[in-house]
There are 2 protein chains.
Amino acid sequence: MATLKDVARAAGLSITQTSRALNDHSDVNEMTRKRVKAVARSMNYQANISARKLVTGRSGMVALVVPQTPELPQNGLFIEGVAGLSAQFSGRGMQFVLHVAGNDRPITEVYQRLIGNGMLDGFVLFSPCDDDPRAAFLRDHGIPFVVHGRIWPDADHAFFDIDNEGILYQTMDHLIGLGHRRIAFINGQPGHGFASARMRGYLRALHDAGLSPDPAIVSEGEMTEARGLLTTIGMCREGAPRPTAIICSDVRLAKGVYRALEALGLSIPGDVSVMAHDDHLPQLRASAFFPALSVTKAPLRDSWKPLTDCLTGLLDGRPLAQLQIVGHHELIIRNSTGPAPAGGD
Amino acid sequence: MATLKDVARAAGLSITQTSRALNDHSDVNEMTRKRVKAVARSMNYQANISARKLVTGRSGMVALVVPQTPELPQNGLFIEGVAGLSAQFSGRGMQFVLHVAGNDRPITEVYQRLIGNGMLDGFVLFSPCDDDPRAAFLRDHGIPFVVHGRIWPDADHAFFDIDNEGILYQTMDHLIGLGHRRIAFINGQPGHGFASARMRGYLRALHDAGLSPDPAIVSEGEMTEARGLLTTIGMCREGAPRPTAIICSDVRLAKGVYRALEALGLSIPGDVSVMAHDDHLPQLRASAFFPALSVTKAPLRDSWKPLTDCLTGLLDGRPLAQLQIVGHHELIIRNSTGPAPAGGD
DNA sequence: CTGTTAGCGCCTTCAA
DNA sequence: TTGAAGGCGCTAACAG
């Protein structure tokens with residue numbers, strides 16, 4: 001591989017000036033710069049990243065650390081994120097490092113190692129939880145990072161997130177407008193940032209409508225079809241008043257809800273309205289539902305570019321205020337929501 | 001971050017000796033070594049990879065380059081491979097870099113850039129094709145790489161592969177033993193290493209059985225359910241003699257074959273036997289077939305460890321002969337294969 | 001505008 | 001068994 005020294009010699013210049021020319025410093029003769037660049041190109045010269053990193057402190061490499069699980073290859077967020085982020089960073093001439101961490105040691109130790117060897121410029125964090133220890137660790141050590149999501153209550157970090165609280169508020173607003181009073185909510189795992197935010201939106205909407213929450217029709221847990229089915233069965237058990245609408249934090253949950261309602265002989269939306277949030281992952285399209293599923297939609301795929309922008313902006317020292325981005329979502333009303341059945345109460 | 005100098009000072013030694021102690025050189029007092037290591041640990045010392053790379057030439061980072069496609073997140077090989085390889089390399093204290101390359105420039109140029117900046121120790125190559133230009137490029141430049149699969153005819157490189165030729169020969173052997181004479185083969189894209197190897201196995205088995213190939217019942221192309229369906233319809237068209245058995249290079253193809261045969265009113269295995277090769281990806285389990293699908297099985301998931309071993313072995317300078325590994329496969333006969341129907345010819 | 005000097009953190013001669 | 005010196009390739013501060 002050609003080195004800076006080689007280029008300098010070929011160009012008949014000092015190493016320093018060659019470096020400056022290549023890096024577009026201002027104090028270089030325009031002609032010289034052009035000539036040096038031509039020589040460098042003809043020699044296929046590329047700066048050695050390790051050497052540059054040693055002196056500038058920047059390597060152009062960022063990492064995503066995810067815990068190893070058997071289901072990792074089925075995890076839509078992981079799959080889309082890895083492909084999307086890698087493409088984005090690659091397109092910016094940076095390198096994306098994926099680190100699947102074993103479960104034999106705490107995750108912060110992995111970060112410790114990864115930043116300790118001084119090779120990475122920053123990190124992307126997935127699936128933030130409340131009081132996220134990873135974020136705390138990185139903040140305490142002054143390591144740049146961007147979060148896919150947000151860590152409440154005071155998000156003093158770069159992030160790209162969607163308005164999860166608003167998403168649920170808006171969903172509730174639609175259902176309440178249709179006359180629903182008893183609205184169930186099947187949410188994700190408690191402690192996860194997005195789930196907490198949606199719960200806030202749910203409760204706020206209830207409060208604003210003068211309704212009070214009923215723990216019997218609020219459920220938190222993994223977002224699988226099976227849980228959607230079982231939870232729905234449980235909520236529609238005899239004796240208790242049945243919800244007239246069900247909100248799901250994920251389309252997989254909604255799939256289970258559909259199956260449960262069908263098994264129970266309840267019609268959608270005649271007996272029960274159903275809504276869900278749709279990340280627009282290819283695995284389970286909202287279009288696969290009959291009747292067509294009303295959703296709030298925020299394609300996960302749209303998040304990689306702004307997320308990448310956030311991290312590069314952070315590395316470039318841009319102010320935090322510009323690095324806290326909330327993406328858009330849409331409310332799409334299809335055929336799974338309708339007026340609340342009469343005489344519910 | 002603590003540096004070698006810090007450790008040396010804390011240990012009351014020279015930088016040189018500290019380095020030697022940490023790297024287990026022979027000419028260090030045993031006591032000294034222990035003490036230095038203890039100090040280093042207590043200071044959370046980690047060698048700076050960039051600095052080390054600069055002098056030793058090794059960074060402990062390897063990369064996988066894949067072309068950007070919209071379907072990338074649905075590509076089972078990509079998903080499993082990325083998760084598996086990253087976990088393997090992480091477990092060995094190395095870093096796995098994923099590079100999703102845009103399609104705006106030739107892939108060798110990407111390699112050029114990636115190796116040119118002197119940051120990577122080696123590469124993993126996926127989906128090799130005959131006369132693979134990437135392999136040629138890396139070989140010509142003396143860059144270590146390992147191939148998932150094999151580049152024929154003379155695989156003068158490190159690889160982990162399965163015996164694709166044997167897999168098809170064995171499949172054919174089973175079907176021929178059941179009396180089948182007209183055996184269709186729905187293969188993957190021509191030019192891909194595994195597809196070529198399987199085609200060789202198919203043709204050799206035909207030849208050994210005294211049969212001659214019929215282009216009408218051999219098909220090459222993408223391995224989707226849709227193509228399995230359409231190809232089967234085409235092969236069972238009136239006028240031409242119908243195959244009594246169909247071999248698929250992938251279970252997705254087999255899914256389409258099943259649907260086509262059902263639509264045509266043909267029974268499995270009464271009218272047509274079906275076999276497939278099963279990579280054991282979670283997306284479409286062979287267990288989802290009725291009647292249960294007979295397969296050759298070689299779990300993709302088992303390939304990441306040996307593949308990683310190959311590349312690290314290569315980097316450690318082990319002889320090539322030890323770095324060409326052929327994994328095992330199983331022949332699993334379930335209920336989709338049976339005797340050829342009488343009076344076919 | 002250009003060159004000289006110094007140093008990033010580490011490892012590897014060489015000499016003691 | 002240990003230390004001093006040199007250099008990997010690059011950039012930044014300081015002269016000219």
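Every number in this text was worked out from the coordinates using simple rules, so none of it is lab data. Bear in mind that the values here come from a model prediction, so they are computed numbers and not experimental data. No Cβ is skipped: glycine too gets one built from the backbone with ideal geometry, and neighbour counts run over all protein chains shown.
Shape class for the protein assembly as shown, computed from the alpha carbon gyration tensor (a ≥ b ≥ c): oblate, with a/c not under 1.5 and a/b at or below b/c.
Computed from the C-alpha gyration tensor, the three semi-axes of the ellipsoid equivalent to the stretch B:164-300 are 19, 19, 14 Å, from longest to shortest. For the stretch B:1-44 and the stretch B:227-272, compute the distance between their C-alpha centroids and round to whole Å. Cα centres, the stretch B:1-44 to the stretch B:227-272: 68 Å.
Does chain A come out rounded, prolate or oblate by the C-alpha gyration tensor, with a ≥ b ≥ c the root eigenvalues, rounded set by a/c under 1.5 and, if not, prolate when a/b is larger than b/c and oblate if not?
Values: a/c = 2.95, a/b = 2.72, b/c = 1.08.
Prolate, because a/c is 1.5 or more and a/b exceeds b/c.
Can you tell me how much longer the chain between B:Asp131 and B:Arg237 gets when fully stretched, taken as 0.36 nm per residue apart minus their C-alpha distance, in nm with one decimal? Could you put the intermediate results ahead of the total?
Details: separation 106, 0.36 × 106 = 38.16 nm, distance 3.61 nm.
Extra length available between B:Asp131 and B:Arg237 comes to 34.5 nm.
Compared with the dominant Cα axis of chain A, that is its longest principal axis, helix A:76-91 is turned about 30°.
Which of rounded, prolate, oblate describes the stretch B:1-96, given a ≥ b ≥ c as roots of the alpha-carbon gyration tensor eigenvalues and a/c under 1.5 marking rounded, otherwise prolate only if a/b is larger than b/c? Don't skip to the end; give the middle numbers.
Details: a/c = 3.38, a/b = 3.05, b/c = 1.11.
The shape class here is prolate.
Residues of the stretch A:281-304 with an amide N closer than 19 Å to a point placed 7 Å from the Cα of A:Glu222 along the Cα-to-Cβ direction: A:283-284. Rounded to the nearest 0.05, what FRET efficiency do A:Ala38 and A:Lys305 give with R0 = 41 Å and r taken as the Cβ-Cβ distance? Could you check? For R0 = 41 Å, the calculated efficiency reads 0.80. Distance between the pseudo-spin-label points of B:Leu230 and A:Arg105 (7 Å out from Cα toward the beta carbon): 5.2 nm.
Within chain B, antiparallel bridges make up roughly 10 percent of the DSSP beta bridges whose residues both belong there. Compute a Gaussian network model of chain B, connecting alpha carbons closer than 10 Å, and tell me which residue from B:Leu264, B:Leu125, B:Leu175 fluctuates the most. Maximum fluctuation in the GNM of chain B, among the listed residues, is at B:Leu264. Length gained on full extension, B:Leu266 to B:Asp27, computed as 0.36 nm times the residue gap minus the Cα-Cα distance: 78.4 nm. Among B:Lys5/B:Lys34; A:Lys53/B:Lys34; A:Lys255/A:Lys297; A:Lys5/B:Lys53; B:Lys5/B:Lys53, which pairs are too far apart, with a Cα-Cα distance over 24 Å? Going by Cα-Cα distance, A:Lys53/B:Lys34 fall outside the 24 Å limit.
Taking only Cα atoms, what is the 0 to 90° angle, nearest 10, from helix B:107-116's long axis to the longest principal axis of chain B? Tilt relative to chain B: about 20 degrees. Here the Karplus curve 6.51 cos²θ - 1.76 cosθ + 1.60, taken at θ = phi - 60°, turns the phi angles of the stretch B:206-215 into couplings of 4, 4, 5, 9, x, 9, 10, x, 10, x Hz, with x standing for Gly and Pro. Given the options A:Gln283, A:Gln170, A:Gln189, which has the most mean-square fluctuation in a GNM of chain A, springs set between C-alpha atoms less than 10 angstrom apart? In the Gaussian network model the winner is A:Gln283.
Taking every DSSP beta bridge with both residues inside the protein assembly as shown, roughly what % is antiparallel (nearest 5)? Don't jump to the answer; show the numbers that get you there.
Details: 11 of 81 bridges.
Given both bridge residues lie in the protein assembly as shown, the antiparallel proportion sits at roughly 15 percent.
Using a Gaussian network model of chain B in which every pair of alpha carbons under 10 angstrom is joined by a spring, one finds that among B:Asn187, B:Asn103, B:Asn44 the greatest mean-square fluctuation is at B:Asn44. Taking other residues whose beta carbon is less than 15 angstrom from the beta carbon of B:Gln17, and scoring Lys, Arg as +1 and Asp, Glu as -1, yields +3.
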